[in-house]
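Okay, structure first, notes after.
The values are calculated or read from the model by the stated rules, or taken from the named source; none is laboratory data. Keep in mind that what you see is a predicted model, and the values were worked out from it rather than measured. Positions of Cβ are generated from backbone atoms using ideal geometry, with glycine treated the same way; all protein chains shown enter the neighbour counts.
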Amino acid sequence: MEITNVSEYQEIAKQKLPKMAYDYYASGAEDQWTLHENRFAFTKILFRPRILIDVSKIDMTTTVLGFKISMPIMIAPTAFQKMAHPEGEYATARAASAAGTIMTLSSWATSSVEEVASTGPGIRFFQLYVYKDRNVVAQLVRRAERAGFKAIALTVDTPKLGRREADIKNRFTLPPFLTLKNFEGLDLGKMDQADDSGLASYVAGQIDRSLSWKDVKWLQTITTLPILVKGVLTAEDTRIAVEAGAAGIIVSNHGARQLDYVPATIMALEEVNQWFQT
């Protein structure tokens, strides 16, 4: 089958993947209103084309944190990629490098930061959750630094995992042949009671619900990497993030997988951008 539109990948995935895996990737939280809105919002944004402009040479390059990339499109963190294909994050890393753009690796990846770094050169960021045991956080950050990652994308919209009804119905668990590779070899301290088969669900339960702006400051004391605050949806939080010393923000509603009935990301972007214009 020749793929002519990116939306066709979803139907192919539905045909090829086990139902539990497909539903994990495809579903959003609660009623999935925001999931629908994320897509529908783009239909409200129209081109205002200008004509008779020389477009024989087009330059889409831009910079992010000083890194030049080929286009203003990057790869967001996605967990458990080997659940979809044996190459998983390896293939994603190679593709991002070949396309000349940035990949952000999920801390819940099925390939480690070291393994992704071994695929070859590329600009990579590391997505991070903050756990109750801050020693685990510090170890993850150090591993990302040693593996040559260039920034930390601190996810701040997950005091607890969103209620994804498909996962509840499917009794979702990570397949037994996969594990959270970034947690292998760590001193897990309070987290060491989990065996590999239950590590994913256990780690999710260890996310610190007391996470606050003071922890952004704390993170700056343990790394020299720039910190991006991922999960911002309002102008108010944009201002606080900048004041807290964030190197940047990622406007995101977590792919509609966390809190339902929040604005589509593309609509929140307008509010955030207007704050920067003032």
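Worth pointing out:
- Residue pairs whose Cβ atoms lie under 9 Å apart, separated by 6 or more positions or on different chains, with the first residue in region 5-30 and in a helix (DSSP H, G or I) and the second of a type in the set (Asp, Glu), are 20/167; 23/167; 24/167.
- Of the residues making up region 113-146, those that are over 20 Å from residue 64 (Cα atoms) and under 15 Å from the mean Cα position of the chain (by Cα) are 113, 129, 130.
- Candidates 23, 59, 54, 31, filtered to the one that is acidic (Asp, Glu), in contact with a helix residue (DSSP H, G or I) (Cβ under 7 Å, 6 or more places away or on another chain) and at negative phi: 23
- Verdict on residue 95 being under 17 Å from the mean Cα position of the chain (by Cα) and either modelled with pLDDT under 95 or of a type in the set (A, V, I, L, M) (or both): yes
- Filter result for residue 24 (touching a Phe, Trp or Tyr at 6+ places or on another chain (Cβ under 6 Å) and either within 22 Å of residue 269 (Cα to Cα) or modelled with pLDDT of 95 or more (or both)): yes
- Matching residues, region 34-50, being of a type in the set (Val, Ile, Thr) and part of a helix (DSSP H, G or I): 34, 43
- Helices (runs of 4 or more DSSP H) fully within region 188-248 that include at least 1 residues being modelled with pLDDT under 80 and either of a type in the set (A, V, I, L, M, F, W, C) or buried (at least 18 other Cβ atoms within 10 Å of the Cβ) (or both): 199-205.
- Some residue of region 60-77 being of a type in the set (A, V, I, L, M, F, W, C), in a loop (DSSP other than H, G, I, E, B), modelled with pLDDT of 95 or more and over 19 Å from the mean Cα position of the chain (by Cα): yes
- Number of positions in region 65-98 that are touching a residue at least 60 places away in the same chain (Cβ under 8 Å) and either aliphatic (A, V, I, L, M) or buried (at least 16 other Cβ atoms within 10 Å of the Cβ) (or both): 7
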